[in-house]
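See below for the structure under consideration.
The values are calculated or read from the model by the stated rules, or taken from the named source; none is laboratory data. Since this is a predicted model, take the numbers as computed values, not measurements. Cβ sites come from the backbone with ideal geometry, for glycine too, and all protein chains shown count toward neighbours.
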Amino acid sequence: MDLRFTPEEIAFRDELRRFFRSEIPAEIRRKVAEGRHLSKEDIVTSQRILHAHGLATPNWPVAWGGKDWSPVQRYIFTEELQRAAVPLPLQFNVFMVGPVIAAFGSEEQKRRFLPATASLDIWWCQGFSEPGAGSDLASLKTRAEKRDGKYVVSGQKAWTTLGQHADWIFCLVRTDREAKKQRGISFLLIDMKSPGITVRPVLTIDGSHEVNEVFFDEVEVPAENLVGEENKGWDYAKFLLANERTGIARIGMSKQRIARAKRLARDTEANGRSLWADPDLRRRVAAIEVELKALEITQMRVVAAQRQRDADKPDPASSILKIKGSELQQATTELLLDIAGPYAQPAPEHEEGRNEPDGDGLDAIAPLYFNARKVSIYGGSNEIQRNIIAKAFLGL
Amino acid sequence: MDLRFTPEEIAFRDELRRFFRSEIPAEIRRKVAEGRHLSKEDIVTSQRILHAHGLATPNWPVAWGGKDWSPVQRYIFTEELQRAAVPLPLQFNVFMVGPVIAAFGSEEQKRRFLPATASLDIWWCQGFSEPGAGSDLASLKTRAEKRDGKYVVSGQKAWTTLGQHADWIFCLVRTDREAKKQRGISFLLIDMKSPGITVRPVLTIDGSHEVNEVFFDEVEVPAENLVGEENKGWDYAKFLLANERTGIARIGMSKQRIARAKRLARDTEANGRSLWADPDLRRRVAAIEVELKALEITQMRVVAAQRQRDADKPDPASSILKIKGSELQQATTELLLDIAGPYAQPAPEHEEGRNEPDGDGLDAIAPLYFNARKVSIYGGSNEIQRNIIAKAFLGL
Amino acid sequence: MDFDLTDEQRLLKDSVDRLIADAYGDFEKRKRHQSGPGGYSHELWSNFAELGLLALPFPEEEGGIGGGPVETMLVMEAIGRGLVVEPYLDTVVLGGGFLRCGGTAAMRAELMPQIADGTLTLALAQLEPHSRYCLNDVVTTARREGDAFVLNGRKVAVLHGDSAGRLVVSTRTAGARADRHGITLFLLDAAAPGVTRRGMPTQDGLRAADIQLEEVRVPAADILGEVDHGLALLEQVVDIALAALCAEAVGVMEDLQRSTVDYLKTRQQFGVPIGSFQALQHRAADMLVAVEQARSMALYAAMMAEEPDPALRRPALSAAKVQINQSARKVGQEAVQLQGGIAMTFEYKAGHAFKRLAMIEKTFGDTDHHLNAVSEADSLVEAE
Amino acid sequence: MDFDLTDEQRLLKDSVDRLIADAYGDFEKRKRHQSGPGGYSHELWSNFAELGLLALPFPEEEGGIGGGPVETMLVMEAIGRGLVVEPYLDTVVLGGGFLRCGGTAAMRAELMPQIADGTLTLALAQLEPHSRYCLNDVVTTARREGDAFVLNGRKVAVLHGDSAGRLVVSTRTAGARADRHGITLFLLDAAAPGVTRRGMPTQDGLRAADIQLEEVRVPAADILGEVDHGLALLEQVVDIALAALCAEAVGVMEDLQRSTVDYLKTRQQFGVPIGSFQALQHRAADMLVAVEQARSMALYAAMMAEEPDPALRRPALSAAKVQINQSARKVGQEAVQLQGGIAMTFEYKAGHAFKRLAMIEKTFGDTDHHLNAVSEADSLVEAE
């Protein structure tokens, strides 16, 4: 038993640290650090740099541009990326549809989609959630009928993140209305330029355009855009969701925020002294750091256990990572908000102002706090995660 | 709208303050202040002093020694009593069986029992809970069969507080086994010296003998000891439980503990300074004080609302008082424990040592903390209270 | 002890509740109000005036309604429930409070009617780039020149400061940066030469301004209270505003509690309303406890807001703000969590209520700030 | 990075688990062990010795097993699960630690075998009436007289101090009360003239002693480490003990988690197992999260316990203790609440586990103490 990194792992980490900080533009990393919105160009730029160095899709099969990394190396990669405030590679491409096509797609689909997905020449969005479905994903209603060798899709998807930038959408659709909930669902790839698709922006409480509703009105989809077998889509979705939970704890991101909070507290005056002189604030920060350190080790334990498990199956411990990881993400934004204090109140005059780092970044702190409330709601709410623990772990 | 006490109410309060501190022996009040166990004699002595001044049973009908006080006066009485660390009048006598006999008993029962109940010449205990019943009180199994004009009682009661001192027990027994749960229950008064009664002590985690199991093996009870009508016992029990919730928040007691915690922190050294110099500790104490102040006003609101309600019916707001009141009672004992720190570890060598105030009272702090965990369990656990709020208030 | 409203108070409450329900009952209308000049509806402001709400705290002998903290509480609770964007706190509670507690006879005679009829709004320019929650940390200067004072400095995040006709400005006329002595308050014409205002929205949909003062000349007649002794007045009026803020927060929380329970009853998942899940029931119950604790302390704040002895008043208001802040954070976060995705959207009211609560927390002192004040006063539960 | 146990470690774990299960599996047996002289079972102590557990941390070349922190962790977890009352922490981890890290060759040769065969127990007499959690706050004095030192002072709440054959005593030989320099450690015969011990139970069913030292003469040969430089050694061994305590706490929590879940599955209310109530399920889930977070930090503590650089070691152990304390409070309180009345009784194990956790919290530093240490070190997440 040894929790320390090997010298090889340390060298790997140090090389990534250097790479991220020297190769990814500082301006982009600063926006991430301040929790500002990234433009489409920012995300594309960053991912293409990673891609040029073979680092955009390390989790993919080696044959399709992946790396033969150990779980520890993958863990280090993700943490260092976040710690350096590098934009995450677009998760819909890299962690969702890419692995699904690589695992279940036809050779033709792989050749057609995987390279462009890795390089972000295709921007994907996710069509799973529907209005009113919430945590009950399998109750989806969007239907695809086979007519003349094509699927004709009608229905509505909700919470489609960054769908406004997307070239393609991967969708769960109901292809057999007689079958039970999880059966009768298929996994379709749909060109966003298809006639009959409408995207409606939905602003989130911080005023940003992050999510959308996507409407399908008799949208024709070529049959070859079906992934795997008809009515087996739920299996591919489960595979995809398991991948999604990897790295959901966002420990590196929380570390980056704590480091920022410390700097901000040092630079903030209160009653003529640095705010950092307040032992209460310092203990509060320390308490978050401790929980985060514990979570980091918990995550390493999960990672290490994966070596001995079927890699396709998610460890139920991922529910612990999700609950605690999201709580700590929220705790760090609360901390930033409390440090910013009354100076967090003013907002930028224009929506575009939200993308521009200003002098101190204080105007982006409250939106960050507001926006972070979502992390305990999405990806299987923390309540759902507690249900999973109670049932799968505790047998209640 | 005016939350302040009237001048008359202030005079009433000041007189009680003076009375409690000058008339109740300091030694007894000190034991209460340190959370030590009281002997039977301590409780009897204290209640007889109150009784001699007409203050033991203010909540009873005036005809039987009660006071015609306003709800505000009753509130002041309870709070000042606790704040002065005066032992509460024995609740089984004063808040439970006394009011039930006064309201539902026969004239004969009133004459026989009420004076001796007020003066504590009879010590009552409560026979409601049974093993395994927990929050589901109405599932009780102890049965009473009528034979030759007597009830013959067999069964088992649990959690019988201070039953070891009791002369009499008031019991819920099942007199009709065919009837539905709440029906078929009767309210019996039973002499503890009756043949067939066995009392088994149950120690609590702090090592004290506070509760008992009481076994009934064919115990004969004269029919005249039935209160009210046969099979109507559940109604009387509900009346009694509603009374129990009055003052359940124990705000005066929590105030007394906070005052003690402040003194202890001032007298405790840490790193060469007074522990009270730590702003973190002081904020923590202040936060408890604030919640307690809020609860005090919440309680006053409930008290004021009672004037406009049917006095027999409990306000569902009592669930709020129970939840928050017990949380704050526990928070004050946690505070004391944290201030005592490593010095809380040693315990008295003998059980009797628990009754004796020593130099600093530190040895009684951990037992107080341990024992206080019960307050969120008994009297309808806080989980049950949340169910009540969700259903009765929120309609969920 | 008496919690009953008088008949007049009940009447006031009913009419305010009706007004706000009309103007804000449909949450879509809020956006329209926000798009008015200065970020609020001038039509609605006239309605406030017609109802007498803008003259509420002024003495009857000066044409006011003579309302006290309980009346203000009733108005502010309704403002909270509706997430009202009109500058009531700034103009009537703060501005009106300064006039009432520290204005000269001339000021009162001139300005109270203008406030009452809705033609004048005010704002408090107090916060500075490094003062945080310390009211006596003032570096904006006012130097005497003959019969006037010349002001220089910068005030930030001045709520409704971009549209206010007059500004109450705290300045330093003597002493060092955080001294309690040497603070003077001015009632400044916002259009005076040397005043530069940069308006901006706030995170919760109100308006604010950064205000630069460069050689701004103010006649001595426009001083509120006494030269060098402005802090006591500032603290007094901020305490009045704290009580009002507490009431507003209770209104916001009440509305969030209601919408959350409604959502739990109607939202279906796995074929049943999610309000049937016990874990969510218990959390809704804990929300209610938090709201009721806050309501109790808002009452306490109203009762103590006009207490003349600051040694009694200030810790009481601090205690109230602590409870409000603690409840606000819990209720706001839980309301969003229990309502889920929908509460994260800009179209839906709950998210905006959550944001308003977060900003109320940061107004006139956060939890730590007021906990310190409570602890220093040692008056809630005296030590043994 | 590697979390797997070696074959030897797995073997050790199995045999310790078996031993503890035999001796403590039936909770009734604990009372019998407690009634032995010194408050523990000497028979069981011999079993510990036979298994080699009492020689675990000693080097193989000195007749020991050569176990490291991971081996100690495995033993302490089992001790925690069983709520073991034998003085393993005091004798083997602390006492053995002082011998191993600071003992002279003569001490080691004489005492290690006595510890290993179970004939000698030790205790650390460190806490003073006002030192609280500060290891360098020492007023017990040792003055040099020729080849010896003479000790005077009072040590309190010395765990297992009433039965220990030798005492490790921290004293001041130079400097002022809380100076880091000037602390000297002695290994004292508990029966030496001038030593008065008053034994007492602890709140969690162990034993402790108040120890009065009056003109106690100790030869210089019985010094552990160096004169005036004892603090570094004291901190080093306390850190080793902290790691062991963390592991013990995880064992206690694991057992509480298990008994709580068992209870939820079997206890019926309103006709169903209470484990079917979602509110209780969620709280059991949160307990699990707390236990797993604690387990992670106990691993971290084991990994860092033998780190020679105190600048790295001390904050790591402090961080571990913070997490353990936080989890212990939550898990202990929730276990009692969810198991209800039965957990409040003396006959049932859960209440005792809750009490042991409460006392572990207070041993070698509470949460605030260690949070300060973490914050001062600023090493978990470096500032930007």
* Taking into account only those residues within segment C:166-189 that are of a type in the set (A, V, I, L, M) and in contact with a Gly (Cβ under 6 Å, 6 or more places away or on another chain), which is farthest from C:GLU128 (Cα to Cα)? -> C:ALA174
* Asked: Any idea which of (1) within 14 Å of chain C (Cβ to nearest Cβ); (2) of a type in the set (S, T, N, Q); (3) under 18 Å from A:PHE128 (Cβ atoms) is the one A:SER208 doesn't satisfy?
  -> (3)
* Asked: Which numbered condition trips up C:LEU371, out of (1) more than 8 Å from every other protein chain (Cβ to nearest Cβ); (2) touching a residue at least 40 places away in the same chain (Cβ under 8 Å); (3) buried (at least 21 other Cβ atoms within 10 Å of the Cβ)?
  -> (1)
* Structure fact -> Residue hits (segment A:87-125; of a type in the set (Val, Ile, Thr) and surrounded by fewer than 24 Cβ atoms within 10 Å (Cβ to Cβ)) are A:VAL100, A:ILE122
* State yes or no: is D:GLY251 buried (at least 22 other Cβ atoms within 10 Å of the Cβ) and more than 14 Å from chain A (Cβ to nearest Cβ)? => yes
* Asked: C:ARG81: crowded, with 17+ Cβ neighbours inside 10 Å and outside the structural domain of C:ILE240 (by TED's automatic domain parsing), yes or no?
  -> yes
* Does D:GLY68 count as more than 27 Å from D:GLY194 (Cα to Cα), of a type in the set (Gly, Ala, Ser) and in the same structural domain as D:GLY39 (by TED's automatic domain parsing)? -> yes
* **Out of D:LEU206, D:LEU187, sole residue that is more than 30 Å from D:HIS352 (Cα to Cα) and either surrounded by 21 or more Cβ atoms within 10 Å (Cβ to Cβ) or within 11 Å of chain B (Cβ to nearest Cβ) (or both)** => D:LEU187
* Asked: Out of the residues in segment C:1-56 that are small (Gly, Ala, Ser) and closer than 28 Å to B:LEU3 by Cα, which is farthest from the chain's Cα centre (by Cα)?
  -> C:SER15
* B:ASP148 vs. criteria surrounded by fewer than 17 Cβ atoms within 10 Å (Cβ to Cβ), without any contact (Cβ under 8 Å) to a residue 40 or more places away in the chain, acidic (Asp, Glu) and within 14 Å of chain D (Cβ to nearest Cβ) -> no
* Looking only at segment C:141-181, count how many residues are assigned to a strand (DSSP E or B), of a type in the set (S, T, N, Q) and within 21 Å of C:THR104 (Cα to Cα). => 2
* Structure fact -> Expected single match for under 30 Å from B:PRO346 (Cβ atoms), in contact (Cβ under 8 Å) with a residue 60 or more places away in the chain and away from chain B (no Cβ under 14 Å) among D:LEU317, D:LEU299 is D:LEU317
* **Set D:LEU120, D:LEU74, D:LEU135, D:LEU127: member being assigned to a helix (DSSP H, G or I) and not charged (D, E, K, R)** => D:LEU74
* Asked: away from chain C (no Cβ under 14 Å), without any contact (Cβ under 8 Å) to a residue 60 or more places away in the chain and either touching a strand residue (DSSP E or B) at 6+ places or on another chain (Cβ under 6 Å) or not β-branched (Val, Ile, Thr) (or both): does that describe B:GLU220?
  -> no
* Asked: Do we have any residue at all in segment D:128-139 that's within 14 Å of chain B (Cβ to nearest Cβ), surrounded by fewer than 18 Cβ atoms within 10 Å (Cβ to Cβ), of a type in the set (Val, Ile, Thr) and under 25 Å from B:LEU337 (Cα atoms)?
  -> yes
* **segment C:209-244, residues that are polar (S, T, N, Q) and either under 20 Å from the mean Cα position of the chain (by Cα) or within 14 Å of chain A (Cβ to nearest Cβ) (or both)** => C:GLN236
* Return the residue satisfying two criteria in turn: it lies in segment C:1-45 and is assigned to a loop (DSSP other than H, G, I, E, B) and within 14 Å of chain B (Cβ to nearest Cβ), and of such residues it is modelled with the lowest pLDDT. => C:MET1
* Structure fact -> D:PRO113 vs (1) away from chain B (no Cβ under 14 Å); (2) within 25 Å of the chain's Cα centre (by Cα); (3) free of Cβ contacts under 8 Å to residues at least 12 places away in the same chain: all pass except (3)
* Asked: Restricting attention to segment C:341-366, and to residues there that are more than 8 Å from chain A (Cβ to nearest Cβ) and outside any loop (DSSP other than H, G, I, E, B), which single residue is surrounded by the most Cβ atoms within 10 Å (Cβ to Cβ)?
  -> C:ALA353
* Among the residues of segment D:1-26, how many are in contact with an Asp or Glu (Cβ under 8 Å, 6 or more places away or on another chain) and under 19 Å from D:ALA353 (Cβ atoms)? -> 0
* within 20 Å of the chain's Cα centre (by Cα) and in a loop (DSSP other than H, G, I, E, B): does that describe B:LEU55? -> yes
* Matching residues in segment A:249-292 - criterion: being surrounded by 22 or more Cβ atoms within 10 Å (Cβ to Cβ), more than 10 Å from chain D (Cβ to nearest Cβ) and over 22 Å from the mean Cα position of the chain (by Cα) -> A:ALA270
* segment B:293-304, residues that are facing chain C (nearest Cβ under 7 Å) and either more than 18 Å from C:ALA302 (Cα to Cα) or among the charged types (D, E, K, R) (or both) -> B:LYS293, B:ARG301
* For B:GLU334, work out the one condition from (1) over 22 Å from B:PHE77 (Cβ atoms); (2) among the acidic types (Asp, Glu); (3) at pLDDT below 95 it doesn't fulfil. => (3)
* Structure fact -> Going through segment D:262-274 in order, the residues found to be surrounded by fewer than 22 Cβ atoms within 10 Å (Cβ to Cβ), assigned to a helix (DSSP H, G or I) and facing chain A (nearest Cβ under 9 Å) are D:LYS265
* Single residue of segment C:320-334 satisfying the filter (within 10 Å of chain A (Cβ to nearest Cβ) and under 27 Å from C:ASP26 (Cβ atoms)) that is surrounded by the most Cβ atoms within 10 Å (Cβ to Cβ) -> C:GLY332
* In segment A:154-247, which strands (runs of 3 or more DSSP E) lie fully inside it and hold 1 or more residues that are crowded, with 23+ Cβ neighbours inside 10 Å and within 24 Å of the chain's Cα centre (by Cα)? -> A:168-174, A:185-191, A:209-222
